[in-house]
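Have a look at the structure below before the remarks.
Read-outs: derived from the displayed coordinates by stated rules, not from any lab. No experiment lies behind these values; they were computed from the predicted model shown. Reconstructed Cβ throughout: ideal geometry from the backbone, glycine too, with neighbour counts over all protein chains shown.
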Amino acid sequence: MSSRRLRKLAALASEPKSTIRLDLGCGPHKREGFLGVDATPFIGVDQVVDLRQTPWPWPDNSVSDAHASHFLEHLTATERMGFANELYRILVPGGTCHIVVPHWAASRAYGDPTHQWPPVAEFWFYYLLKEWRDANAPHCDGKYLAGGFTCNFTATWGYSLRQDLTVRNPEYQQFAIGNYKEACQDLLATLTAVK
């Protein structure tokens, strides 16, 4: 076989095998370029799936990218564990999910009667990393708790700020984030599957 053909085969083998991109809990506003998934058959939903029920209909390691905007807060704490575990199962190694939830210190986290308690807070994302759970919260791991976490994600997060704060300097913004109710409107996180 020619070296050119070998290079081409090597390049094909290194390409991601999955092109599935899911917008989980998309409602009527599916993200462009994503397969819209929701339990309610809104216009624009491509696949009607109740994401509280497991297992989800996608195979292991079949999804390259996922998005969940203003969905996770509608799940109970136990359902959020199932969500994280199923998300981990379907994502390819290194696959990501972008999550947007109302910030716990904003009234928008509490106004919708379909939001579940507790609100999603920054600390929740630590529980998604197996190494952190092993050291700090082994009681939440799936090997000790039926329905517990079996996922392994690294997570980064930040905030969408109230509009009048976006023009202030970074030091003021940081002070507002730590001290003022309603400074943060949303919590924005990116999960990356560690496999």
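For THR114 and LEU145, FRET efficiency with R0 = 25 Å and r from the beta-carbon atoms, rounded to 0.05? Using R0 = 25 Å, I get an efficiency of 0.45.
Let me spell out the model: positive unit charges on the Cβ of Lys and Arg, negative unit charges on the Cβ of Asp and Glu, origin at the Cα centre of the chain. What dipole size does that give, in debye rounded to 20? Don't skip to the answer; put the middle values down first.
Details: 19 positive and 20 negative charges, 173 e Å.
I would put it at about 840 debye.
Ordering of 40-51, 176-187 by packing is 176-187, 40-51, highest average first (other Cβ atoms within 10 Å, averaged per residue). Figure legend: label point modelled 7 angstrom from the Cα of ILE177 along Cα→Cβ; residues of region 137-160 with amide N under 18 Å from it are 155-160.
Here each label is just a point 7 Å from Cα along the line to Cβ, and for HIS98 and ALA77 those points are 3.0 nm apart. Label positions at ASP134 and HIS29, each projected 7 Å from the Cα along the C-beta direction, are separated by 4.0 nm. Think of region 3-193 as a dipole: +1 on every Lys or Arg Cβ, -1 on every Asp or Glu Cβ, centred on the Cα centre; then among ALA183, CYS151, ALA77, CYS151 lies furthest on the positive end. Cα centroids of region 147-195 and region 66-125: how far apart, whole angstrom? Spelled out, the Cα-based centre of one part sits 13 Å from the other. Counted by neighbouring Cβ atoms within 10 Å, the residues HIS98, HIS139, HIS70 run from fewest to most as HIS139, HIS98, HIS70.
GLY36 sits among other residues whose Cβ lies under 11 Å from its own Cβ, and their net charge, with Lys and Arg +1 and Asp and Glu -1, is -1.
Other residues whose C-beta falls under 12 angstrom from the C-beta of PRO138 contribute a net charge of 0, scoring Lys and Arg +1 and Asp and Glu -1.
Assuming R0 = 30 Å, can you tell me the calculated FRET efficiency for the pair THR192 and GLN163, based on Cβ-Cβ distance, to the nearest 0.05? Taking R0 as 30 Å, the efficiency between THR192 and GLN163 is 0.50.
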